[in-house]
Structures are given as structure tokens and as C-alpha cells.
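The values are calculated or read from the model by the stated rules, or taken from the named source; none is laboratory data. From a predicted model like this one, the values you see are computed outputs, not experimental measurements. With ideal geometry, Cβ positions are generated from the backbone for all residues, glycine too; neighbour counts draw on all protein chains shown. Each accessible area value is taken on the protein alone, full model and side chains, heavy atoms only, with ligands, DNA and RNA left out. Shrake-Rupley method; radii C 1.70, N 1.55, O 1.52, S 1.80 Å.
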Amino acid sequence: MLRYFLLFSILFIGLINVRAMWLAQVGPKYPPTKGEVWPKPQVEVKEQTFYVFNPSQFKVKVLDQTCDILTNAIARYSYLLENKLGLKTHPTAPSPQTEGIHSNTSYRGHLKELEVTLTSPCEEYPHLDMDESYNLTVSSTTTLVSSSVWGVIRGLETFAQLFYVSDDHNDIRVNKTTISDFPRYKHRGLLLDTSRHFITVSNILKTLDAMAINKMNVFHWHIVDDQSFPYQSERFPELSERGAFDPSMVYTKDDIERVIEYARNRGIRVIPEFDVPGHTGSWGIAFTDILTECYENGKVIGFGPMDPTSNTTYKLLRDLFKEVQNVFPDKYFHVGGDEVELQCWKSNPKLIDYMKVHKLTASDLHALFMSRVIPLLANATVPVVWQEVYDEGVILSTDTLIQVWKYNWITEMINVLKTGHRVLFSSSWYLDALGSRWTDYYAADPRQMVYDVTSNKTLMAGIVGGEACMWGEMADDRNVINRVWPRASAVAERLWSYQDSNTRYRSSRAPSEAYNRIEEHACRMIRRGIDAQPPSGPGFCVV
């Protein structure tokens, strides 16, 4: 009898546990928030009282300064508020459902107006030192104030993210809120590789939309590489004619100008990268003589980096860079310098003799090459280089931006900063890492890393920002958007939002509320046409 009782008890307890497990799986893993901003603002005070939004009862008024960028932004966000907030239809008059809202003690009426005050004239293009700060007060008459058009754009994005659909799906609400906001880092970028797989202009524009939603401000366009040369040069058309994957897979001057203008209207800089002397295989299809022949057992086995001793190489680069810089207006220009195959140079008989005569190593050749290439850029250009250029001892101006991407990155950053150079951090933010999650990218904070080791706040100020990097080996036009988002959103928040300097970065993880907030944010991006992946597990989006 006892045996049957014990068996019954075990079965009963098992059923309870199964039921508990079943209950635990109902609904989304992390219920999304309602009207929470990503990246998190510096200072935000939100009340429980709310206003109801109705497009027919709402208007936008511009005070003080204005310009085409501001006019375009207001038109863009006005359309978004009317069509992309998740409610299929907007009531134009009070209905029986909405009339009941008057009994809600938190209800404060309808949102009537947004007053946008831009206190200084607009700048033509975004730049490293642009002011992106703003103050937003959400009330019946909402006010958005900034001294910069770029700050207004960031404030409009925040304003749009505060809206949410009521639980009964009858109306759109926004809580009474006060926000004072600005970014921690000046440079908040995304690198997109368009050589290993060609990415269409339409998906580049979607990428820029997503960057604006996440308040990222630099599009690092890694436009060419070994695999293909999709940049269509007017001076050297044979580079893309022979080096592009296909005649249809090129970026014309009109395409590039379209991307730059689209980015400008969203407060995003476009920095091109033409990586030299390595990663230049596609160049050599049209201009074989600029590359180095690699030898093995006395025989040529292929081509490697550019020939650092050839005047033809530098003449081509001088003329091409002049053309490219006439197309891209930003004064920063990325000349690469990473992953140079030094063994190829060491194997080439001509370069072996050159190194013997001049008493140089292969590393010295790399330094020589970069020291001759950087002066080919236009006057007032600020070069950006991968960390190998610094590691090889190239003499660089102190304003040169060193992009740190390899292992031992804390030591590397400290060494770079101590020599007076500025750092752009990417080591922990490589989006092409298969199987990584957004939380993996949230853990890193470059300034915090340096401060943990040095306790030197002056030193860590030399880190101007960072970039998430989407290399193209495993990302093409069909999956690049959802490979980037929302994982890059974690980088965006790290670079924008406040981080407690008393928290060591190694133990710093996404706060629990961020799991819920990024669920809302991913759905927000999907509603706006960005096919973001699910951030953390089971859930749903109402679009």
C-alpha cells in the first residue's frame, strides 16, 4: 500500500512540475516594454500620467532656426508617428472605447503640439565634434530644444520611441516625460563590408535608417577588398570593369552621392575605406603591376600586397584618392593597413634585394609604404588606420585615428593613448562572429577597460568611440540586415548611454530591464522596415 502511495505521490509531484514547466513557457520569454527608449537617455524622468495621440489633433511647430535637414526630419517623423507605431488605424473622433479613457485618473488629454526650437543655424554635414545633445519635455504641448540640427534629429527619434499602444489597442499613448540627453562617445559607428558580398544601395539605405533609430552616427563603408572592387571610378573605370563581381554590382557616383545625402539627413557621417597595401587582390586584375609577385621554391605562386617600391603604385593611389575624396565630403579617410602578407614580400627576389640594400625588414617596408601613402590624401584629411600601422612604428600625426581590433586590446589601447594618439575601438564588437548574441556585445566598454587598468580619466578620454563591424564572408544582401540588428543595438547603447565608472567592465552585463527594452526596440525596428532578429528567445511583434 505504501508503495502505491509513494508512486502516486511521485506521479502527482511530476505532474505539478510538468504543469509548472508548461506555464513557464507561455508567452514571450521577455515581455517587451512600452514606450521605453533605446539607447537609454542620460537623464529621463517619466510619470505615470499620459496623453493620447491623434494625428488629426496634433501639429509640429518650428521655432527659431530651420533648414532643409530639419524640414526633412520633421516630415519623416510625422509620417512615422502617423503610420508606424503599431496601431492599424487611428481614430479621428472619440469612440465608445476611447470615451471611457476619461475615467482613467492618469489621463491628461490629447497631445496637441510639438514645438521644435533650434537655437543655432544648421550645419551642412555631420562631423566628429557635432553637438547631438537635446532637451525634451513631453506634455500637452511638447518642447524639443537643441543648439544643433543633429541634436534635434536625435530628440525626434527619442520622441518617436516614447509612444506605445494601449493594452486594449484602442489608442496610442505617450507618458509625461522629461529628458536631457547627449552621447558619451563622439564616434558611434558601423562598418559594412560590401566587397565579399555586394550589398545593394536599398539595403545600405535601410542600414542607415537602422543606425538613425539606434543613434549611431558613422557609416564606415569598407567598399572594396580582395574579392571585388565595386567602386566605379571615373578616372580608372577598369578597376570595377574587371574587379567587380558583375557589371550590375557596382556603386556609381550617383549611388554614392545618394547614400551620403541620405546619411546627412539622418546625422550620419560616411567614411570610406580603401584598404592598402593588403586586401587589394581585386585591384590587380586591372593593374597587375601594382601587386607583389609571391614566390615559393623559386616559382611565382600568386600575387600579394601592393608593391611598396613601385612608383606606379603611388601614382595610382594618388589619383584614385583624389577622385574618391571629391565624392566623399567627410575629412576622415580610412586607408586600412591591416593584415599585410609580409611573407610574400620576403619571398620576392626584387624586394629581397631592396631590403638588403636599404637594410630594411618586411615590417619596415610596411611602415615605408604607409608613410608614403598617407601624404597622398588631400590637405586637412584626418587618416584612420588599423592598429597594425601603429604597431609597425609608422610616424603618424597625433590626430590620426587608430582603430584597435585585435587581441590584447586593453594593452594596445593604453600604448596608443600614451603616445598621444586617439583610439577607435572594435575588438569586442565583430558582428560576423557566428552564434553571438546582443548581450555579448553589451559587456564591453572601452573607456572602462582602460580606466580599470590605469585609473587615468585623462587617458581614457582619448578613446573617441567605437564601431561594430559586419564583415561580409557570411553576410549577403539576403541576411545582412538581420545579422546586424539588433545585436549592433547593444554597441549603440554602450556608446551613447551612461556607464557607472565604478563598475568593472568584466562583470558588466546588460541590466535585466534591457532584455525587455530591446524586445520592444526590435519590434520597433521591424515596424519601420528593418528585419531585426528576435533578441533573446520566444516572443512576438505586432506590426
| Cα to Cα, under 17 Å, and not fewer than 8 places away if on the same chain: which lysines meet these conditions relative to Lys346? | Lys299, Lys356, Lys359
| Cross-link partners among aspartates and glutamates for Lys61, C-alpha distance below 20 Å, same-chain residues fewer than 8 apart left out? | Glu82, Glu113, Glu115, Glu157
| note | Scaled by the rule-of-thumb 2.2 N^0.38 Å, the alpha carbon Rg for region 362-464 gives a ratio of 1.17
| task | Using only Cα atoms, tell me the angle between helix 311-327 and the longest principal axis of the chain; keep it within 0 to 90° and round to the nearest 10. | result | 30
| remark: Sorted by chain and then number, the residues having a modelled amide H within less than 5 Å of the amide H of Val382, at least 5 places away or on another chain, are Tyr332, Phe333
| request: Taking the chain as the reference, fit the longest principal axis to its C-alpha atoms, fit the long axis of helix 201-213 to the helix C-alpha atoms, and give the angle between the two in degrees, 0 to 90, nearest 10. | output: 60
| task | Give a residue-ordered list of calculated ³J(HN,Hα) values for region 265-277 (Karplus: 6.51 cos²θ - 1.76 cosθ + 1.60, θ = phi - 60°; whole Hz; x for Gly, Pro). | result | 5, 10, x, 10, 7, 10, 10, x, 10, 10, 6, 9, x
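Dividing the convex hull volume of the Cα atoms of the chain by its residue count, what figure in Å³ per residue is obtained? Don't skip to the answer; put the middle values down first.
Numbers: hull volume 115.4 nm³, N = 543.
Hull volume normalised by residue count: 213 Å³.
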| query | Taking amide H positions as placed 1.01 Å from N in the peptide plane, with prolines and chain starts having none, which residues 5 or more places from Lys34, or on another chain, fall under 5 Å of its amide H? | reply | none
| Taking the chain as a whole, which cysteines find no other cysteine Cβ under 4.7 angstrom from their Cβ? | Cys469
| said: I need the P(r) histogram for region 399-534: all alpha carbon pairs, bin width 5 Å from 0 out to the longest distance, whole percents. | reply: 2, 10, 19, 21, 19, 13, 10, 5, 1, 0
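Using a 1.4 Å probe on the protein heavy atoms, what percent of the accessible area of the chain belongs to carbon and sulfur?
Exposed carbon and sulfur together represent 54 percent of the surface.
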| field | From phi via Karplus (6.51, -1.76, 1.60), per-residue ³J(HN,Hα) for region 479-492 in Hz, x at Gly/Pro | value | 10, 5, 5, 7, 6, 7, 10, x, 4, 5, 4, 5, 5, 4
| message | How much of the DSSP bridge set in the chain is antiparallel, in percent, rounded to the nearest 5? | response | 35
| query | HN-Hα J couplings of region 108-113 from phi, Karplus 6.51/-1.76/1.60, θ = phi - 60°, integer Hz, Gly and Pro as x? | reply | 10, x, 8, 6, 9, 7
| query | At what distance in angstrom do the alpha carbon centres of region 240-318 and region 454-470 lie from each other? | reply | 30
| request: Over region 278-395, average the accessible area per residue using a 1.4 Å probe and give it in Å², no decimals. | output: 45
| request: Please return the longest stretch of the chain lacking exposed loop sites, where chymotrypsin sites (Phe, Trp or Tyr not before Pro) count only if DSSP places them in a loop and at most 14 other Cβ atoms lie within 10 Å. | output: 1-406
| remark: Scattering profile of region 33-181 from the Debye formula, Cα beads only, expressed as log10 I(q)/I(0) at q = 0.10, 0.13 Å⁻¹, is -0.35, -0.58
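Relative contact order (percent) for the chain, with alpha-carbon contacts under 8 angstrom and 6 or more residues of separation? Write down the numbers at each step before the final one.
Details: 1050 pairs, mean separation 89.1, N = 543.
It rounds to 16 percent for the chain.
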| note | Computed D for region 162-302, Stokes-Einstein, Kirkwood radius over alpha-carbon pairs, 20 °C, 1.002 mPa s, to the nearest µm² per second, is 119
| field | Nearest 10 degrees, 0 to 90: helix 149-161 Cα axis against the chain principal axis | value | 40
| request: Return a whole-number percent for the relative contact order of region 426-543, with Cα pairs under 8 Å and 6 or more residues apart as the contact set. | output: 34
| Probe 1.4 Å, accessible area per residue of region 136-235, Å² | 23
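Kirkwood hydrodynamic radius for region 167-230: how many Å is it when counted over pairs of different Cα atoms? Mind dumping the intermediate values first?
Values: mean 1/r = 0.0669 Å⁻¹.
Computed over Cα pairs of region 167-230, the Kirkwood hydrodynamic radius comes out at 14.9 Å.
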| Over the Cα atoms of region 335-417, how large are the radius of gyration and the largest Cα-Cα distance (Dmax), in Å? | 13.9, 39
| task | Would you compute, for the Cα atoms of region 262-413, the largest minus smallest coordinate along each principal axis and list the three values in descending order, in whole Å? | result | 56, 39, 24
